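Peer 1: This is the structure I have questions about; it appears just below.
The values are calculated or read from the model by the stated rules, or taken from the named source; none is laboratory data. These numbers come from a predicted model, not from an experiment. FYI the Cβ positions are ideal-geometry reconstructions off the backbone, even for glycines, and counts take in every protein chain you see. All accessible areas refer to the heavy atoms of the entire protein, side chains included, with ligands and DNA or RNA removed. Shrake-Rupley method; radii C 1.70, N 1.55, O 1.52, S 1.80 Å.
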Amino acid sequence: MAIRFVIFSDLDGTLLDHRTYSFEAARPVLKKLKQKKIPLVLCTSKTRAETEAIRRKLGINHPFVVENGGAIFIPAGYFDLRCLRTLNKGGYDVIQLGVSYRRIRKALKTIREKVDVKIMGFGDLKIKDIAEISGLRPEAARLARKREYDEPFILFQPEKIKEIRKAASELELKVVKGGRFYHLIGNNDKGQAVRILKELYEKKYGKIKTIGLGDSSNDELMLKEVDLPVLIRKPDGGYENLPPLRNLKRTRQPGPAGWAEALSQILNF
Ligand SMILES: [Mg+2]
């Protein structure tokens, strides 16, 4: 039997265009993945509400990872989960890896005072402000604000990032960098979530080969977990500066075009 592939993919700047959030360029490859029944697991810093809307547009029904590994949402019955601690929520089995948004919001305030730094989290911003700085439509910005495990923030004094990281770690939290924002999160990351899903897929299918695609520093640990990591080019022509990774493939094109380029090469489409 042919080897089974499982794909883990970031959204912003990877499957979705950094500026327009379109996945038009990836459409033909998405269609092929569906025909060949290759699971596409979205692994993003976006919220559950945002990711659900995107899954609907993509027409896929596989597990997905939200808010930088804050939680894994698995359609009920997709895996045999008897040995794992899960939560039933809205038709999903949920594996929670992150800490509550309330705790993160509180910590953001503590850090702001302690470091004496100007930072603004999504919780401090109005929907229209989020729409403006992210280029999202107001409806999408509303979904982006429904946070459960991760607070994206804007930093007005980037020179203070070291102090902020230190203050976060004293609160048992950490800061990761995505394509557009910094994020304050618990000790979770995309890599942990991928590791759990990999095991579940192996239990279901036997041996699998994993592909991971991302464009930013918050994708590093996800890329480290997969057999075939792909680093997507940035719209400015550069690449995120990651520590060396085995088998890393860099795309020639940015965003969804690069995403399609890498997958057609790997999967021989
Ligand atoms: Mg990204």
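Peer 1: Quick one: count up the residues across the stretch 101-137 that are open to solvent by 20 Å² or more (accessible area, probe 1.4 Å) and under 30 Å from Thr20 (Cα atoms).
Peer 2: 15
Peer 1: From the list Val66, Val99, Val94, pick out the single residue that is in contact with a Ser or Thr (Cβ under 9 Å, 6 or more places away or on another chain), touching a residue at least 60 places away in the same chain (Cβ under 8 Å) and among the hydrophobic types (A, V, I, L, M, F, W, C).
Peer 2: Val66
Peer 1: Being over 18 Å from the mean Cα position of the chain (by Cα) and crowded, with 20+ Cβ neighbours inside 10 Å is the filter here; which residues of the stretch 138-166 pass it?
Peer 2: Answer for the stretch 138-166, where residues must be over 18 Å from the mean Cα position of the chain (by Cα) and crowded, with 20+ Cβ neighbours inside 10 Å: just Ile164.
Peer 1: Follow-up question, since we're still on this one. Please indicate, with yes or no, whether at least one residue in the stretch 7-24 is surrounded by fewer than 20 Cβ atoms within 10 Å (Cβ to Cβ) and hydrophobic (A, V, I, L, M, F, W, C).
Peer 2: No.
Peer 1: Kindly provide the set of residues from the stretch 77-100 that are modelled with pLDDT of 95 or more and exposed (fewer than 15 other Cβ atoms within 10 Å of the Cβ), ordered by number.
Peer 2: Listed by number, the list holds a single entry, Ser100.
Peer 1: Further, regarding this structure: Where in the stretch 154-269 are there strands (runs of 3 or more DSSP E), lying wholly inside it, with at least 2 residues that are within 16 Å of the ligand (Cβ to nearest atom) and among the polar types (S, T, N, Q)?
Peer 2: Counting at least 2 such residues, we get 249-254.
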